[in-house]
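S.K.: This structure is in structure tokens; I'll ask about it shortly.
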Amino acid sequence: MSEQRIFKVPKFCRPNSLAAFSMELSEAPECKKVIIDTGLERFLTPTALIFIAKVCRERRRRYPEERVLYRGLKEHKYANNLGFSEALNIKDKPYPQGAFGGRTYIPISVMQRDSLEAYAAENWVELGDAIQVKCENLARVVSQDRSDALRKLLADSFREIFRNVFEHGEVNTAVFCVQYWAKPDKVEICIADRGVGVCNSLNTSKHTKPSSDREALYFSLMPGVSSKAWRNKKKKAHQKSDWDNSGYGLFFAHQLFGELGHFFLASGSAGLLLMGKTVRDVDCSLEGTLVSMSIDLSDEKKIKNVLSKIHGEAHRVKQKLGVKSVSFQSVEAYLNGKL
């Protein structure tokens, strides 16, 4: 066992750089002391805050006897105000969270199933309604109230992503963080969990059987693909709910964010990054699932154009690719603009 190993947090917060950092942490053997060098003070995006904290804690669970030190963490005042230091779970919490949300940001926060179920019971509504209330607030920050149509689509997409956590991920909590920048009129949101992962979830489906984490990520973006949607179709009329899973959340999200910013989905050993017409696979090492999304709010005409096409595109893709017979090759061709 080596005496010491230094891991440098990526200088830039791009999803592919963070994925490479996760691989480095995962592949390095156990040693007596680990130093996580967070580098000079700079702005860390919501995705960087959650991703870095998540993979650092994963290594600590893997090698509990390692002594872990964080170099330069004190300098990251804004990140620590948003809960970065606390998310790293450092003993005695030397740099406590100091900011708790506003019109342009939401710090690292936790959505808990128990509290959602308590709200649902108290207000005589379904779990999906309780999640919807939370996601409406998220959508207001992400959309900056630019349009009702944008806010509604965001709220619906976020609701389905959080429902994926509780219904498919088999965990009771999810973390999230949001930041809006007035210049360049851009917003980013990250959502993550420690669930069973996309591949394990989709392998419980009757129709979709991905053979790898990479295949699972591709399948998960298609409309109607859900590990539980097929079960809900067999319910009798009186058993059905307005919130039965439809499997459209990630389709709407990747169509919107992938076109107007970036959409990044990571689970297990794979990551998938969509930016405009670019589709990029990246190696990753991540427990559960992480979704990172950003959107440029400056071009309202382009946003309106994308929004007007999304529902029609979902119907077209579902009709063309199907659900029962959907293949990885057809999904890969679609995402790469060849179908």
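The values are calculated or read from the model by the stated rules, or taken from the named source; none is laboratory data. These numbers come from a predicted model, not from an experiment. So basically every Cβ, Gly included, is an ideal-geometry build from the backbone, and we count neighbours across all protein chains shown. Side chains are part of the model used for accessible areas, which takes the heavy atoms of the whole protein and leaves out ligands, DNA and RNA. Shrake-Rupley method; radii C 1.70, N 1.55, O 1.52, S 1.80 Å.
S.K.: Of the residues in the stretch 34-85, how many are open to solvent by 90 Å² or more (accessible area, probe 1.4 Å), among the acidic types (Asp, Glu) and either over 27 Å from Gly102 (Cβ atoms) or part of a helix (DSSP H, G or I) (or both)?
M.R.: Qualifying residue count for the region: 1.
S.K.: List the pairs whose first member sits in the stretch 313-339 and is modelled with pLDDT of 90 or more, whose second member is open to solvent by 70 Å² or more (accessible area, probe 1.4 Å), and whose Cβ atoms are under 6 Å apart, counting only residues at least 6 apart or on separate chains?
M.R.: Note: pairs meeting the criteria are Ala333/Leu339.
S.K.: While we're looking at this one, here's another question. Residue by residue through the stretch 289-330, note down the ones that are among the small types (Gly, Ala, Ser) and either open to solvent by 90 Å² or more (accessible area, probe 1.4 Å) or out of contact with any Lys or Arg (no Cβ under 7 Å at 6 or more places or on another chain) (or both). So that I can check it myself, show each step before the final result.
M.R.: Start the filter on the stretch 289-330 by keeping residues that are among the small types (Gly, Ala, Ser), which leaves 292, 294, 298, 308, 312, 314, 322, 325, 327, 330.
Ser292, Ser298, Ser308, Gly312, Ala314, Gly322, Ser325, Ser327, Ser330 - these are the residues of the stretch 289-330 that are among the small types (Gly, Ala, Ser) and either open to solvent by 90 Å² or more (accessible area, probe 1.4 Å) or out of contact with any Lys or Arg (no Cβ under 7 Å at 6 or more places or on another chain) (or both).
S.K.: Given the conditions (1) assigned to a loop (DSSP other than H, G, I, E, B); (2) within 27 Å of Cys284 (Cβ to Cβ); (3) open to solvent by 60 Å² or more (accessible area, probe 1.4 Å), report the number of the one that Gly195 does not fulfil.
M.R.: Result: Gly195 fails condition (3) only.
S.K.: Evaluate the following for Arg57: is it under 20 Å from Val291 (Cα atoms) and free of Cβ contacts under 8 Å to residues at least 12 places away in the same chain? Talk me through it step by step, then tell me what you get.
M.R.: Working: under 20 Å from Val291 (Cα atoms): yes; free of Cβ contacts under 8 Å to residues at least 12 places away in the same chain: no.
So Arg57 fails the test.
S.K.: Can you tell me which residue among Phe158, Phe162, Phe176 is at negative phi, open to solvent by 10 Å² or more (accessible area, probe 1.4 Å) and not acidic (Asp, Glu)? Before you say what the answer is, go through the steps one by one.
M.R.: Working: Phe158 fails: open to solvent by 10 Å² or more (accessible area, probe 1.4 Å); Phe162 fails: open to solvent by 10 Å² or more (accessible area, probe 1.4 Å).
Every option except Phe176 fails the conditions.
S.K.: Just the residues that are crowded, with 19+ Cβ neighbours inside 10 Å and among the basic types (Lys, Arg), please, taken from the stretch 125-150.
M.R.: If the condition is that a residue be crowded, with 19+ Cβ neighbours inside 10 Å and among the basic types (Lys, Arg), then Lys134 is the only one that fits.
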